[in-house]
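Below is one structure, written out as structure tokens; the observations come after it.
The values are calculated or read from the model by the stated rules, or taken from the named source; none is laboratory data. What you are looking at is a predicted structure, and each value in this text was computed from that prediction instead of being measured. For accessibility, only protein heavy atoms count, side chains too; no ligands or nucleic acids. Shrake-Rupley method; radii C 1.70, N 1.55, O 1.52, S 1.80 Å.
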Amino acid sequence: MSFEKARDLLALADHAAAQYRGVSLQEIAERFGVSHRTAQRMTAALEQAFPHAVEVFEDEERRKRWKLREQPIARMRLGGDAELEALDYAVARLA
């Protein structure tokens, strides 16, 4: 995973956690300036990175929404050195 994709995934996770009702594909596409299909890929990556923290449900208009419950960083499923390095860099920039 590239740094840019890791950064977008963390931004999506933060956004999905901050929204009371979670986020929809349309909201993701608008916020990140991506296509509907890319928004779908981003939600798949979100579910893969946070398998026990992502809630997927339908709203009253029958649109899927993704909500991220808080999760300690120690429980994240990171796959390699590059992802850890990108996360370390993101944390340092936030600090």
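Descriptive notes on the structure:
- Rounded to the nearest Hz, the phi-derived 3J(HN,Hα) couplings of the range 5-11 under the Karplus curve 6.51 cos²θ - 1.76 cosθ + 1.60 (θ = phi - 60°) are 5, 5, 5, 5, 5, 5, 5, where x marks glycine and proline.
- Normalised per residue, the volume of the convex hull around the Cα set of the chain (Å³): 99
- For the range 35-46, backbone phi angles converted through the Karplus equation (6.51, -1.76, 1.60; θ = phi - 60°) give residue-by-residue couplings of 6, 4, 5, 5, 4, 4, 5, 5, 5, 5, 5, 4 Hz, Gly and Pro being listed as x.
- Rolling a 1.4 angstrom probe over the chain with all protein chains present gives an accessible area of which 49% lies on carbon and sulfur atoms.
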